[in-house]
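The values are calculated or read from the model by the stated rules, or taken from the named source; none is laboratory data. Quantities reported herein were computed from a predicted structural model and do not represent experimental measurements. Cβ: placed from backbone, ideal geometry, glycine included. Neighbour counts: every protein chain shown.
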Amino acid sequence: MTTKRDVHSAGGDIGYSVVEAGEPRHPHCRHFLEYWEARLQPDGVMLREDFNPLDMPHAMGGMYVVEPANGGADMRYRLVGNENEERVGHRFTGMLFSDCFSQEMAADQIALHNRVIETRKPAILRGYLIGVDLEHVYYEAIYLPVRTKNGDMQIVGGLYELPKDKG
């Protein structure tokens, strides 16, 4: 794992380490993937209108919706669940990645999101967040491509804490 330091716009220094995983472990991420797979269209993508957060009430606090900005040169958090915003102590909903993260972390996240959109394949990340006034949080995140009514692509998914003993 590579450990990195990142500074988000709230001024706190957040360290992180992350690896890509083949299959989700967290029950919410597994449910997200099953939900997405059950609603795939013939082109292999779920329609955004088929995603109803109320179908997963226990997962809502960790959900997010991301959309490309500036032709994919940046990404915007269209929605971020309140549990994730509260944990980090920063409101991300409506913000660009370039305004939320260091240049390096924003570039890494933009590249990951663009890959998910281009390949139309899910991605799963596991890692640690280590920050000011934050305990070490071992998390799993899932990224699922969806298509809007007008044909634009977005990503829906969630970020959830994993038990530390399941490393």
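When the residues of the stretch 79-102 are filtered to those that are surrounded by fewer than 16 Cβ atoms within 10 Å (Cβ to Cβ) and out of contact with any helix residue (DSSP H, G or I) (no Cβ under 9 Å at 6 or more places or on another chain), the one that is nearest to GLU140 (Cα to Cα) is GLY89. Looking across the stretch 39-49, the residues that are in contact (Cβ under 8 Å) with a residue 24 or more places away in the chain and out of contact with any Pro (no Cβ under 6 Å at 6 or more places or on another chain) come down to GLN41, ASP43, GLY44, MET46, LEU47, ARG48, GLU49. Here ALA59 fits the description: at pLDDT below 95 and either surrounded by 15 or more Cβ atoms within 10 Å (Cβ to Cβ) or in contact with a Ser or Thr (Cβ under 7 Å, 6 or more places away or on another chain) (or both). When the stretch 103-116 is filtered for residues that are more than 23 Å from ARG25 (Cα to Cα), surrounded by fewer than 17 Cβ atoms within 10 Å (Cβ to Cβ) and touching a strand residue (DSSP E or B) at 6+ places or on another chain (Cβ under 8 Å), the ones remaining, listed by number, are GLU104, ASN114. Please determine whether any residue of the stretch 67-81 is in a helix (DSSP H, G or I) and either at pLDDT below 90 or within 14 Å of the chain's Cα centre (by Cα) (or both). No, the stretch 67-81 contains no residue that is in a helix (DSSP H, G or I) and either at pLDDT below 90 or within 14 Å of the chain's Cα centre (by Cα) (or both). Applying the condition of being farther than 12 Å from HIS28 by Cβ and aromatic (Phe, Trp, Tyr) to the stretch 136-152 and asking which residue is surrounded by the fewest Cβ atoms within 10 Å (Cβ to Cβ) yields TYR138. Looking at the stretch 117-133, can you tell me whether even one residue there is surrounded by fewer than 17 Cβ atoms within 10 Å (Cβ to Cβ) and assigned to a helix (DSSP H, G or I)? Yes, because at least one residue in the stretch 117-133 is surrounded by fewer than 17 Cβ atoms within 10 Å (Cβ to Cβ) and assigned to a helix (DSSP H, G or I).
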